[in-house]
Amino acid sequence: MRDLAELRLEIDKIDRQMVELFEQRMGISREVAEYKVAVGKRILDKERENQKIEAVKALTHNEFNRHGVEELYKQLMAMSRKLQYQLMEEQALGRLPFVMVDKLEKENVRVVYQGVDGAYAQQAMFAFFGENVNHFHVERWRDAMDAIAEGMADYAVLPIENSTAGIVNDNYDLLEEYDNYIVGEQILSIQHALLGTPDAELSDIRTVYSHPQGLMQCARYLDEHRDWKQISLLNTAMAAQKVAEEHDKSQAAIASTLAAKQHGLKVLEEGINRSGGNSTRFLIVTNQPIFCRDAEKVSICFEVTHESGCLYNVLSHFIYNNLNMCRIESRPIADRNWEYHFFVDFEGNLNDSAVKNALRGIREEALNLKILGNY
């Protein structure tokens, strides 16, 4: 049996040779990229890569090494592609179809949100645009996306996730479906209050209305009043509107204090969700492909083939370009069982070389890519 130190010295020698060969290989990869760019050929040649992997697997002598060589060459080819995408960036090919602006226009604009007066979306809108903004509300989130797509509004305000209830699935689907773009976000601290008619007292309440998430987020408080009947409505502001219109002091709504102000209701108790960390992230969406000079987050949507390693290959572009991924979500694709859209947020600006390089690589290797916005 040979000494461990001797074995390590031999491995070091082989590693030096491997590094030298790796650098030679990457040098040739650059020449391949220059040729592909010159003739307009795609970087990813899946058929060629598969043939090459099968060829090098055939050179091995056992099953373990066959799997190992396959994994090694998939990584080598991925690194080669990334080098080639980088060369494309150096030659300024494939400019992104977005226009940079110094700042968003917030004066003389019209904004749409879903719900009624007093909705949390209205509160988020006021926080982002100011309380004097020209605005209107619609019944559904889809109606809000239609309004900006058709030019009835300049911006829409959409909730996308809550820190306790999770993502708003329908709005992820709408972002993929419409050619609208995220240009901002507003994080709103959600503080639910119990609202009643002006003559009501806590002891009068028998029925409580709210959005299902509002009821869920106040479950601990409602457990202390188990004799109250809980009824779900489309949103919290609609619950406040119902209580105001029916003038029944036995009814209460779980909604915002803004809703109390808008509908002339009495705040019977504040902060009943009992969670200081309950926040909702709202997106500001428009129909123009624009981004601000100081934007620092990019949102994208893509699909990949239903094969081993495909999602990893796409996500590896963030690692290679040293980009920090903030979140990833998946949504099922309609009428295609067990296939998904992937939504990713990551830090960066569309003017950054690293961002352009990552997006170019993802566009080449995913089935499709949609840039949802930079904000």
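The values are calculated or read from the model by the stated rules, or taken from the named source; none is laboratory data. Small disclaimer: the values here were computed from a predicted structure and weren't measured. Reconstructed Cβ throughout: ideal geometry from the backbone, glycine too, with neighbour counts over all protein chains shown.
Computed quantities for the displayed model
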quantity: Residues of the range 351-375 that turn out to be within 21 Å of V285 (Cβ to Cβ) and buried (at least 20 other Cβ atoms within 10 Å of the Cβ), as a count; calculated: 7
quantity: Verdict on L76 being under 30 Å from A127 (Cβ atoms), modelled with pLDDT of 90 or more, under 31 Å from the mean Cα position of the chain (by Cα) and not assigned by TED's automatic domain parsing to the domain that holds G309; calculated: no
quantity: Pairs, first touching a residue at least 12 places away in the same chain (Cβ under 8 Å) and of a type in the set (A, V, I, L, M, F, W, C) in the range 53-76, second surrounded by 10 or more Cβ atoms within 10 Å (Cβ to Cβ) and part of a loop (DSSP other than H, G, I, E, B), C-beta under 8 Å, six or more apart; calculated: V69/T60
quantity: Selection from the range 147-173 of residues that are small (G, A, S) and either at pLDDT 95 or above or more than 27 Å from P212 (Cβ to Cβ) (or both); calculated: A147, A149, G151, A153, A156
quantity: Neighbours by Cβ (under 6 Å, 6+ apart or cross-chain): first from the range 209-220, under 24 Å from E246 (Cα atoms) and assigned by TED's automatic domain parsing to the domain that holds A239; second β-branched (V, I, T) and buried (at least 23 other Cβ atoms within 10 Å of the Cβ); calculated: S210/T236; S210/I254; H211/T236; G214/T236; G214/I254; C218/I254
quantity: Tally of residues being free of Cβ contacts under 8 Å to residues at least 12 places away in the same chain and surrounded by 15 or more Cβ atoms within 10 Å (Cβ to Cβ) across the range 147-167; calculated: 0
quantity: Residue match in the range 31-47 (condition: closer than 30 Å to I284 by Cβ, surrounded by 16 or more Cβ atoms within 10 Å (Cβ to Cβ), in contact (Cβ under 8 Å) with a residue 40 or more places away in the chain and out of contact with any His (no Cβ under 8 Å at 6 or more places or on another chain)); calculated: no
quantity: Matching option when the condition is surrounded by fewer than 22 Cβ atoms within 10 Å (Cβ to Cβ) and modelled with pLDDT under 95, among S232, S189; calculated: S189
quantity: Selection status of R2, assigned to a helix (DSSP H, G or I), outside the structural domain of Q86 (by TED's automatic domain parsing) and either of a type outside the set (F, W, Y) or more than 14 Å from L87 (Cα to Cα) (or both); calculated: no
quantity: Of all residues in the range 23-52 being in a helix (DSSP H, G or I) and closer than 10 Å to S80 by Cα, the one that is modelled with the lowest pLDDT; calculated: A33
quantity: Residues satisfying the stated conditions in the range 192-220, i.e. under 34 Å from the mean Cα position of the chain (by Cα) and either surrounded by fewer than 17 Cβ atoms within 10 Å (Cβ to Cβ) or among the acidic types (D, E) (or both); calculated: P212, M216, A219, R220
quantity: Hey, V56 over 28 Å from L359 (Cβ atoms), of a type in the set (A, V, I, L, M) and under 36 Å from the mean Cα position of the chain (by Cα) or not; calculated: no
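This table checks each residue for (1) small (G, A, S); (2) at pLDDT below 95; (3) not in a strand (DSSP E or B).
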| position | (1), (2), (3) |
| --- | --- |
| E329 | no, no, no |
| F342 | no, no, no |
| N357 | no, yes, yes |
| G373 | yes, no, no |
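Yes/no matrix, rows are residues, columns are (1) touching a Phe, Trp or Tyr at 6+ places or on another chain (Cβ under 9 Å); (2) charged (D, E, K, R):
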{"position": "R2", "(1), (2)": "no, yes"}
{"position": "E31", "(1), (2)": "no, yes"}
{"position": "R42", "(1), (2)": "no, yes"}
{"position": "S80", "(1), (2)": "no, no"}
{"position": "P97", "(1), (2)": "no, no"}
{"position": "V109", "(1), (2)": "yes, no"}
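Rundown of residues vs (1) touching a helix residue (DSSP H, G or I) at 6+ places or on another chain (Cβ under 6 Å); (2) farther than 30 Å from Y209 by Cβ; (3) aliphatic (A, V, I, L, M), yes/no style:
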position	(1), (2), (3)
Q262	no, no, no
R293	no, yes, no
E296	no, yes, no
I300	no, yes, yes
S308	no, yes, no
